[in-house]
Amino acid sequence: MSPALHQLSVAAQAQGLAEGRFSALELTEATMARVQAHAGLGAFLAVDEARARQQAQKADAARAAGTAGPLAGIPIAHKDIFVTDFARTGLPSTAGSKMLAGYQSPFDATVVARLAAAGTVTIGKLNCDEFAMGSANENSAFGPVLNPWDRTRVPGGSSGGSAAAVAARLVSAATGTDTGGSIRQPAAFCGITGIKPTYGVCSRYGMIAFASSLDQAGPMARSAEDCALLLSAMAGFDERDATSAQRPAADYAALMRTPREGASAARPLQGLRIGLPKEFFPAALAADVHAAVRGALAELEKLGARLVNVSLPRTELSIPVYYIIAPAEASSNLSRFDGVKFGHRAAQHGDLLDLYKKSRAEGFGPEVKRRIMIGTYVLSHGYYDAYYLQAQKLRRMIADDFAACFRECDVIAGPVAPSVAWKLGEQAGDPLQAYLADIFTLPASLAGLPGMSVPAGFAANGMPVGLQLIGRHFDEGTLLHAAHALQQATDWHQKEPSL
Ligand code: GLN
């Protein structure tokens, strides 16, 4: 039996469209039907079927005219942290917050605009933790997302809707953002592939800001190949983002396929040194996560890679460092939501100060308020030196630790998270538990390094496990190459949850 349209990868959909086996409109209709059928997962916050059809027809017309972009007619969805032009897409931009409920953006984020220019069809917007703050998608003002592998479990966060939608085959790919792990961890919890590029590879313009020195966009899909196809369309310098890297988008699919020197068909990773930081394999790591990661590493070895022991001695410190710096930046970024310029305004209020207070009290959820308070505290006079400045110094030392490791290895590997996806509600009311579980994703974020989550099999309870690969600055090519080689040799990434 040939696979249904929704089961096809981005690459297979692109091929089918190019060969005229189906039209962009047919693919879009099939995708929207699937999204509707599984609305109960809570992955989507908004869909605009009429506008999606228009975009699909445009893609079909472009293909007939020979002017189609590389991803013409591929239906995708965006994490609702990206603003989408309301006039073009009919989709509000909410950041998962009541503060921005129904907000109509007058423009597209650069990443959204570039994917649209490549021909993708925007199906809708995906649920996420409020302002991307969280690890389980339970901080969304619009309800939780269920993990398609087990509906009693969380999908991870903050890009939980993106991960669940791709894992459930609602869309073949989605965008996500990662400030401290929000692409990698939900990808791992839902058994899909995701890459957070080097800080600056994708423009932050139009990405609703959480922590500007950490926020980075990236693709989430089922394979390294599909991630590469999307990333090439998303990346590249943008004059609207002063921190975007002054380099053009690479052809990541080509980099992914470029053979390594000395490699052979049987040993495509010959000579690749994979560093295993001992701090990434602590006693507290769940035994079946450890076993799955070791299993994936053994496969990489068979493909020619060499495992070397390294150390990232400040791994544990990345938790307090991140949870000082990210809230500090968030407290500043979120000051714009005052009930005047954007978003929610309290219906009943007294003077201007009262308007600010009531609008913010009503519009923000508890986790966002907690971070604004922590951030304001660590930046305040008298505490700045003790907390914020210390955290900045340690951030540099964490980056230096990576630089030392990369003298001994080409890629760093370990688990994405210390456990598989936990039960819905299990950690609600205990934010510290969730913060601690970010231990393996925060270091690469603080150092601005590219990080990837690749399916690495399953735990005893059937939940997916992710292998994390971390690369040198701007060396996404090596990560994608290694992940692709692994996915050519194994089929973990092809396993589908039964819905
Ligand atoms: N879990 C982390 C946090 O809550 C990371 C979130 C993210 O990467 N956006 O801040």
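Can you go through A209, A221 and tell me which one is buried (at least 23 other Cβ atoms within 10 Å of the Cβ) and touching a residue at least 12 places away in the same chain (Cβ under 8 Å)?
The unique qualifying residue is A221.
Can you tell which of A434, A428 is within 15 Å of the ligand (Cβ to nearest atom) and either over 22 Å from the mean Cα position of the chain (by Cα) or farther than 20 Å from I325 by Cβ (or both)?
Only one candidate passes the filter, namely A428.
Looking only at the stretch 89-133, count how many residues are among the charged types (D, E, K, R) and within 24 Å of F237 (Cα to Cα).
Counting residues in the stretch 89-133 that are among the charged types (D, E, K, R) and within 24 Å of F237 (Cα to Cα) gives 2.
Restricted to the stretch 148-157, and to residues that are in contact (Cβ under 8 Å) with a residue 40 or more places away in the chain and under 12 Å from I183 (Cα atoms), which residue is farthest from the ligand (Cβ to nearest atom)?
Selected residue: P155.
Can you tell me how many residues within the stretch 158-171 are surrounded by fewer than 24 Cβ atoms within 10 Å (Cβ to Cβ) and within 12 Å of the ligand (Cβ to nearest atom)?
The number of residues fulfilling the criteria is 0.
Being out of contact with any strand residue (DSSP E or B) (no Cβ under 9 Å at 6 or more places or on another chain), assigned to a loop (DSSP other than H, G, I, E, B) and of a type outside the set (D, E, K, R) is the filter here; which residues of the stretch 105-132 pass it?
A118, G119
Looking at the stretch 475-494 only, could you name the residues that are of a type outside the set (D, E) and exposed (fewer than 15 other Cβ atoms within 10 Å of the Cβ)?
Q488, A489, Q494
State whether the residues of the stretch 140-147 include one that is in a strand (DSSP E or B), over 28 Å from A56 (Cα atoms) and more than 9 Å from the ligand (Cβ to nearest atom).
yes
From (1) touching a residue at least 40 places away in the same chain (Cβ under 8 Å); (2) more than 27 Å from Q468 (Cβ to Cβ), pick out the condition that doesn't hold for I412.
Here I412 meets the rest and fails (2).
Return only the number of the condition from (1) surrounded by fewer than 20 Cβ atoms within 10 Å (Cβ to Cβ); (2) farther than 14 Å from A95 by Cβ that F342 does not satisfy.
Only one criterion in (1) surrounded by fewer than 20 Cβ atoms within 10 Å (Cβ to Cβ); (2) farther than 14 Å from A95 by Cβ is unmet by F342, namely (2).
If I go through the stretch 1-27 residue by residue, how many of them are part of a loop (DSSP other than H, G, I, E, B), of a type in the set (A, V, I, L, M) and touching a residue at least 24 places away in the same chain (Cβ under 8 Å)?
Residues meeting the conditions: 2.
With the structure loaded, tell me whether P148 is out of contact with any strand residue (DSSP E or B) (no Cβ under 9 Å at 6 or more places or on another chain), closer than 24 Å to E225 by Cα and crowded, with 24+ Cβ neighbours inside 10 Å or whether it fails that test.
Here the answer is yes, as P148 does meet what is asked.
Counting just the residues of the stretch 191-215 that are assigned to a strand (DSSP E or B) and within 11 Å of the ligand (Cβ to nearest atom), which one comes out farthest from F440 (Cα to Cα)?
Step by step, filter the stretch 191-215, then rank; the result is M207.
Mind telling me which of the residues T120, T89, T94 ends up being touching a Gly at 6+ places or on another chain (Cβ under 9 Å), of a type outside the set (K, R) and within 16 Å of the ligand (Cβ to nearest atom)?
None of the others qualify; the one that does is T94.
Give the number of residues within the stretch 70-104 that are at pLDDT 95 or above and in a loop (DSSP other than H, G, I, E, B).
20
Which of (1) in contact with a helix residue (DSSP H, G or I) (Cβ under 8 Å, 6 or more places away or on another chain); (2) surrounded by 22 or more Cβ atoms within 10 Å (Cβ to Cβ); (3) outside any strand (DSSP E or B) does A174 not meet, given it meets every other one?
(3)
Give the residues of the stretch 289-334 that are surrounded by 19 or more Cβ atoms within 10 Å (Cβ to Cβ), closer than 11 Å to I274 by Cβ and of a type in the set (G, A, S), sorted by residue number.
A296, A305
Only one of these conditions is not met by A188: (1) within 16 Å of the ligand (Cβ to nearest atom); (2) surrounded by fewer than 24 Cβ atoms within 10 Å (Cβ to Cβ). Which number is it?
(2)
The values are calculated or read from the model by the stated rules, or taken from the named source; none is laboratory data. Given the structure is predicted, the values throughout are model-derived calculations rather than measurements. Don't worry about glycine lacking a Cβ; one is built from the backbone with ideal geometry, like all the others, and counts go over all protein chains shown.
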